[in-house]
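Notes to accompany the following structure.
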Amino acid sequence: MRDLFYRTMVVFVLIVGVCWAVPEPSLVPGPLVWTVDVKFEHPQQIEVKLAGDKKPVRFWYAILTLTNNTKRDVDFFPKCDLMTDTFQVIPAGKGVPESVFEQIKLRHQAKYPFLENLERTSNRLLQGQDNAKDVAVIWADFDGKAKRVKLFAGGFSNETVVIEHPVAKDQAGESVKIFLRKTLVIDYKIIGDPAFRSQSNLVYEGRKWVMR
């Protein structure tokens, strides 16, 4: 009976995987599809003494450089999440006071004198290298038990796709539609003893564009 159960579960997983294959970004985008160039510095941590707290609070941040080489001015609406292998998802900017960005800006003022907070920057990105934006993406500290994290950076392309959910139905009995957009995923492995959080480092493992 146990073997039959496991065989059934394997078949179910395979069926779901085949029926709900998430599309990948286009290799040759259409004439109206654009994606801005995204360069990034690997995430690092910062501790900031917040008003009312006796001890500094830890945050993580990455600096992105966005360059619009699409030959048109574009509007972008970013959404950047950090997800751990312990299934914790932290939206960028959530629970992050403006004073944290000010400390990050001070730390990097020599290299990034015009650094902006992604949560406060204009959503208009003009063409050309001269109009590139340097933005800080900031997250609250994540689960100390995590061994890996993924950074999801969406909104830097207008490429989208709509797929049908393999199970969920609406009131009319039709498959629920799911809206996906082109998203940059950056993978990291965490090294260091969780007991010495200040010494933890993220080791880069790769990046790719996905539909999410």
Restricting attention to the stretch 131-150, does a residue exist that is farther than 27 Å from SER198 by Cα and not small (Gly, Ala, Ser)? yes
What is the residue count in the stretch 1-55 for residues that are modelled with pLDDT of 80 or more, within 28 Å of SER175 (Cβ to Cβ), of a type in the set (A, V, I, L, M, F, W, C) and surrounded by 12 or more Cβ atoms within 10 Å (Cβ to Cβ)? 1
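Just a yes or no: is a residue in the stretch 146-166 surrounded by 11 or more Cβ atoms within 10 Å (Cβ to Cβ), within 17 Å of VAL38 (Cβ to Cβ) and among the aliphatic types (A, V, I, L, M)? Spell out how you get there, then give the answer.
Looking only at the stretch 146-166, we keep the residues that are surrounded by 11 or more Cβ atoms within 10 Å (Cβ to Cβ), and these are 146-161, 163-166.
Subset that is within 17 Å of VAL38 (Cβ to Cβ): 150-159.
If we keep only those that are among the aliphatic types (A, V, I, L, M) too, we end up with 151, 153.
Within the stretch 146-166, one or more residues are surrounded by 11 or more Cβ atoms within 10 Å (Cβ to Cβ), within 17 Å of VAL38 (Cβ to Cβ) and among the aliphatic types (A, V, I, L, M).
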Which pairs turn up if I take residues in the stretch 194-212 that are part of a helix (DSSP H, G or I) and look for partners that are exposed (fewer than 12 other Cβ atoms within 10 Å of the Cβ) with beta carbon separation below 7 Å, at least 6 apart in sequence or on another chain? PRO194/LYS145
Give the number of residues within the stretch 124-146 that are within 17 Å of the chain's Cα centre (by Cα) and either over 20 Å from THR183 (Cα atoms) or part of a loop (DSSP other than H, G, I, E, B) (or both). 5
Taking LYS177 as the residue in question, decide whether it is over 22 Å from PRO31 (Cα atoms) and either in contact with an Asp or Glu (Cβ under 6 Å, 6 or more places away or on another chain) or modelled with pLDDT under 95 (or both). yes
I need a count of the residues in the stretch 166-193 that are free of Cβ contacts under 8 Å to residues at least 40 places away in the same chain, assigned to a strand (DSSP E or B) and within 28 Å of ARG148 (Cα to Cα). 7
Taking the stated definitions as given, is ASP81 farther than 24 Å from HIS108 by Cα and at pLDDT 60 or above? no
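Considering only the stretch 180-212, state which residues are polar (S, T, N, Q) and either over 18 Å from TRP60 (Cα atoms) or modelled with pLDDT of 95 or more (or both).
Passing the criteria: only THR183.
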Pairs returned, first residue in the stretch 36-55 that is over 18 Å from GLU102 (Cβ atoms), second residue that is of a type in the set (Phe, Trp, Tyr) and part of a strand (DSSP E or B), beta-carbon separation under 8 angstrom, 6 or more apart or interchain, are HIS42/TYR188; HIS42/TYR204; PRO43/TRP60; PRO43/TYR61; PRO43/TYR188
Among (1) surrounded by fewer than 16 Cβ atoms within 10 Å (Cβ to Cβ); (2) touching a strand residue (DSSP E or B) at 6+ places or on another chain (Cβ under 7 Å), there is one condition ASP81 misses while meeting the rest; what is its number? (1)
Quick one: what pairs do we get from the stretch 63-82, first residue among the hydroxyl-bearing types (Ser, Thr, Tyr), second in a loop (DSSP other than H, G, I, E, B) and crowded, with 18+ Cβ neighbours inside 10 Å, C-beta under 6 Å, 6+ apart or different chains? THR70/TRP34
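The values are calculated or read from the model by the stated rules, or taken from the named source; none is laboratory data. Note that the coordinates shown come from a computational prediction; the quantities given were computed from them, not determined experimentally. Because the Cβ atoms are built from the backbone with ideal geometry, glycine has one as well, and the counts that use them run over all protein chains shown.
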